1. From the square roots a ≥ b ≥ c of the eigenvalues of the alpha-carbon gyration tensor of the range 116-175, which class results: rounded (a/c under 1.5), prolate (a/b over b/c), or oblate?
2. Return the FRET efficiency for the residue pair Thr100, Asn294: r is the Cβ-Cβ distance, R0 is 25 Å, and the value is rounded to the nearest 0.05.
3. Normalised by the number of residues in the range 78-307, what is the relative contact order in percent for Cα pairs under 8 Å and 6+ residues apart?
4. Which pairs in the list Lys77/Lys276; Lys110/Lys236; Lys106/Lys192; Lys77/Lys105; Lys191/Lys236; Lys110/Lys224 are over 21 Å apart, alpha-carbon to alpha-carbon?
5. So which chymotrypsin sites (Phe, Trp or Tyr not before Pro) in the range 146-200 are both in a DSSP loop and have at most 12 other Cβ atoms within 10 Å of their Cβ?
6. For Asp212 and Asp69, compute 0.36 nm times the residue count separating them, minus their Cα-Cα distance, and round to one decimal in nm.
7. Scan around Tyr158 for amide H atoms under 5 Å from its own, H built in the peptide plane at 1.01 Å from N, and keep only partners 5 or more places away or cross-chain.
8. Can you give the extra length, in nm with one decimal, that the chain gains between Ser302 and Lys276 once fully stretched, where that is 0.36 nm per residue apart less the Cα-Cα distance?
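Please treat every number below as a calculation from the coordinates, not as lab data. Because the structure is a prediction, the values reported are computed rather than measured. We place every Cβ from the backbone using ideal geometry, glycine too, and count neighbours over all the protein chains shown.
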Amino acid sequence: SKNLIVTFLIIFLLRKCTVWKLFGLCMLFVLGSLLWVQLTCSGDMSQTVGYSHLPHQPCPVERQSSSADDPSWGPHKMALIVPFRERFEELLIFVPYIHTFLNKKKIRHKIIIINQLDHFRFNRASLINVGYMESGNDTDYIAMHDVDLLPQNEDLDYGFPKEGPFHVASPELHPLYHYKTYVGGILLLTKKHYQLCNGMSNRFWGWGREDDEFFRRLKAADLKLFRPTGITTGTKTFRHIHDPAWRKRDQKRIAAQKQEQFKVDPEGGLTNVRYKVESRQEVTISGAPCTVINTFLECDVSLTPWCQSS
């Protein structure tokens, strides 16, 4: 078909040129360009994963109805919050995978990617706070979900955690972290319970420790922590897709941060998270819808000077 188009154009140009023929040629060129853009945007973006560490970003699309919000599945709807920065190759795998996984389980959900744009160090806890604040009134519980953790067992429960916080990625199932007070990876809470904890501390810039502090908040709020039972797949229950050789974790601790990292933050959380939403984008990745909220976090360097990279 490509050769046929080229042949047509050559014959077209060899004939006597008129204004109308030039106009028609221009229109043909414009329509061909639009078709090329459409094909580029609608392609399977996940195919770039594994071939490049700089994959194409998904193209924005209009909001459309999705099986992720089928009212017949029940009265509850989850805001799946993903704190994020730069790890596009993992995002391209995660979004379609978790969307399909939750649809199979008939869990109403919307996937919210909180993308940190500022030049401060990564702050997972603050991004989750932002996700809670921006999740809208159509959801009644949240999942704090790492982008590099894929559930492999369909018996895992992602339903409404009515009785209390439900730690899906429990220590006996997580592929890396096995200490008893671990509550990271994937944690479900009702919005009411997250509000009761005042969210997460905003003092943890860089990698780690924010979930350990949040465990203490759960205890202080007198919330009982629940974990999966009857799961027999052990540490193969999840697939961990993070590549430490390519994406090194920011584990630097300056002197003041070393002193502060094990302390409880009694006042910080939802009440003092400071941020600005730069933009929102509705995108699809391999047919899976998600909302990307591009966010600038703010930092008071007089209180947490370790938010800066150097």
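1. Verdict is oblate for the range 116-175.
2. Between Thr100 and Asn294 the formula returns 0.50.
3. 28 percent
4. Where the Cα-Cα span goes over 21 Å, the pairs concerned are Lys77/Lys276; Lys110/Lys236; Lys106/Lys192; Lys191/Lys236; Lys110/Lys224.
5. Here the sparse-neighbourhood loop sites are Tyr179.
6. 48.2 nm
7. none
8. 7.4 nm
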